[in-house]
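Every number in this text was worked out from the coordinates using simple rules, so none of it is lab data. Just so it is clear, the model here is predicted, and its values are computed rather than measured. Counting neighbours? That spans all protein chains shown, and the Cβs are built from the backbone with ideal geometry, glycine included.
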Amino acid sequence: MTSVDKAKWIEVYRHLEKPLYNVVYRVIWDSVESQDVVQETFLRCWRHNADIRADGFKALLYRTALNLACNRRRRTRLWRMVGGTALEDVADDNAADEPISKPVRAALDSLPDALRHVVLLTEIAGMTYPEIAAALGIAEGTVGSRKTRALALLREHLEVQGVVSHEC
Amino acid sequence: MNADNLFKQLEPPPGGAERFTRRLDEAAASASPAPRWRTFALAGAACAAVALIVVVVLRRDSDTPAMPPLVADLQPSPEIYNAPAFDRLLGRPAQFTELTVSRNEQSAAVVEVETANAKVRIYQIE
């Protein structure tokens, strides 16, 4: 790796770290783990640098990040099941420091992965429908329908929790 | 409490870029991409192994002793083929054969009795 290549990758990292982090954070709900996943995402893409097309880079980055985040969340849940309630207790202790309230997190967690990914990529990452379609490997029309369905489910869930009212 | 914070942009923990730079350096140091010749050598070895297996299998098949000939391939000997006993079986007109009868290890005289049916022959042993 030349110093120019390295500088380019670090520049891209600086540019995309925040949106990627925000997407990943809303999957695994842990700031340190999320940053680790974002860095792992960049390292994986760097390893396959030769195979990456410039126009598909963003899609690849988000797809990799979401896959890694889902794997990490699955593994964490497994450990929680094995380790009993210890980790849940720690999470509850830190609840006051969480930037996103528990009912809101629960609403997002209640969505199936397919819907959650679309809502995260549209609302958090600010990606366009074609970009999301490329990242998730679905049709552009599907992106729209999934987003509508996801937002309806979120609103429904939050209304039940009393976080938003019918008038909103 | 409201749902606004669902989509608010959060700041990642500080020092991310510096940590990523370190990890990138470590990955670059440890990465030793396989040279191209090694890829070709592996592919060649795999092909050679497959070819060797094919040759061994074919040679083993050729060493297998030949199967005995099928019954249909067997040619009957002319003596058996021409025996009168096979006339009806082979659809040939029956040949006339001299009837001989032995009684107490001595040949006995036989007289044919006339019948109305040409296909039926009756003999009287004297």
Exercise. For residue B:80 and residue B:59, what is the calculated FRET efficiency with R₀ set at 45 Å and r taken between the beta-carbons, to the nearest 0.05?
Worked result: 0.65
For this session: Give me the distance in nm between label points sitting 7 Å out from Cα along the Cα-to-Cβ direction at residue B:110 and residue A:109, one decimal.
Result: 10.8
Exercise. In a GNM of chain A with a 10 Å cut-off on Cα contacts, which of A:78, A:66, A:111 has the highest mean-square fluctuation?
Worked result: A:78
Problem set entry | Folded to 0 to 90 degrees: helix A:57-83 orientation relative to chain A principal axis, Cα | 50
Exercise. When A:122, A:128, B:97 are ordered from fewest to most other Cβ atoms inside 10 Å of their Cβ, what list results?
Worked result: B:97, A:128, A:122
Exercise. With each pseudo-label sitting 7 Å past Cα toward Cβ, what's the residue A:2-residue B:125 distance in nm, one decimal?
Worked result: 11.8
Exercise. How many lysine pairs in the protein assembly as shown, separated by 8 or more positions in sequence or lying on different chains, have Cα atoms less than 28 Å apart?
Worked result: 13
For this session: Neighbouring Cβ atoms within 10 Å as the yardstick, rank A:18, B:119, A:58 fewest first.
Result: B:119, A:18, A:58
Seminar exercise, completed: Residues A:145, A:31 in order from fewest to most other beta-carbon atoms within 10 Å are A:145, A:31
